[in-house]
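The values are calculated or read from the model by the stated rules, or taken from the named source; none is laboratory data. If you're wondering where the values come from, they're calculated on a predicted model, not measured in any experiment. Note that we place each Cβ from the backbone using ideal geometry, even for glycine, and neighbour counts take in every protein chain shown.
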Amino acid sequence: MARVLGIFLLLLEAVQAKDFGLQGTTYPVIEESLLEHVKRQLANLPEATLRTKQLEVQERVKQSVLNPTAVQGLHKATTYRRYTFDPSITLDKDIRDHQEHIIATKGSKVNPLTTLQLKSSLLIFDGTDPEQVKWAKRQGDYTKWILTSGRSMDLMKQHDREVYFDQGGIICRHFKIRAVPAIVRQNGHLLEVEEGFGGGDAH
């Protein structure tokens, strides 16, 4: 099944992360959880109505996977553009380990690439454009395909590989990508982004 992932889930899968353990104090939930509330409401519906609603939800989910909405605001690259992206973030609170020792203080700048390694390059392209699909195939096996348009399920079956979709354009916005095809790869403690058919390892 084709996977629809945002940038955070994708990076979590693509890198090896360090476990910081439990952070902060936890408390028991006193109020009725949203899940319990939904279950109680559904229990009051007639069985036929409930079955109809289940089928409607299943169909909507199926169509969103098979025919995701294309990312808006992108165009096909006509020139080559290359730039670096600093993934550093500024912490809004202290980060503690499982023994409550502070390992990073609030306000400090942290770059995850100092301890994490991106395992494969990200290829971001329009899956409805044969030229871009051919370009993606030339980049080799150690890449992740991320579509901005097209049917990821179809490409997955045709090329026997996992294909992701940039749902809502989260990845493109995060990396400030304006044109496709594009490649995102690690270069030391920075990410290197290339837009256009000039990017890549093979042509």
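So here's what we get for this one:
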item	result
Enumeration of residues in segment 65-76 that are more than 14 Å from Phe175 (Cβ to Cβ) and either at pLDDT 90 or above or of a type in the set (A, V, I, L, M) (or both)	Val65, Leu66, Thr69, Ala70, Gln72, His75, Lys76
Complete set of residues in segment 117-129 that are of a type in the set (A, V, I, L, M, F, W, C) and either closer than 14 Å to Val180 by Cβ or over 17 Å from the mean Cα position of the chain (by Cα) (or both)	Leu122, Leu123, Ile124, Phe125
Selection from segment 156-201 of residues that are without any contact (Cβ under 8 Å) to a residue 60 or more places away in the chain and at negative phi	Lys157, Gln158, His159, Arg161, Arg173
Every residue from segment 116-130 that is under 22 Å from His75 (Cα atoms) and in contact (Cβ under 8 Å) with a residue 12 or more places away in the chain	Ser121, Leu122, Leu123, Ile124, Phe125, Asp126, Gly127, Thr128, Asp129
Test set (1) in contact with a Ser or Thr (Cβ under 9 Å, 6 or more places away or on another chain); (2) at positive phi - Ser108 fails condition number	(2)
Identity of the residue in segment 142-173, under 22 Å from Gln117 (Cβ atoms) and buried (at least 17 other Cβ atoms within 10 Å of the Cβ), that ends up nearest to the chain's Cα centre (by Cα)	Ile171
Qualifying residue in segment 182-201 (condition: surrounded by fewer than 13 Cβ atoms within 10 Å (Cβ to Cβ), in contact with a Gly (Cβ under 8 Å, 6 or more places away or on another chain) and of a type in the set (D, E, K, R))	yes
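Condition check ((1) in contact (Cβ under 8 Å) with a residue 60 or more places away in the chain; (2) hydrophobic (A, V, I, L, M, F, W, C); (3) more than 20 Å from Pro68 (Cβ to Cβ)) across all residues:
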| position | (1), (2), (3) |
| --- | --- |
| Lys93 | no, no, yes |
| Glu100 | no, no, yes |
| Thr114 | yes, no, yes |
| Asp154 | no, no, no |
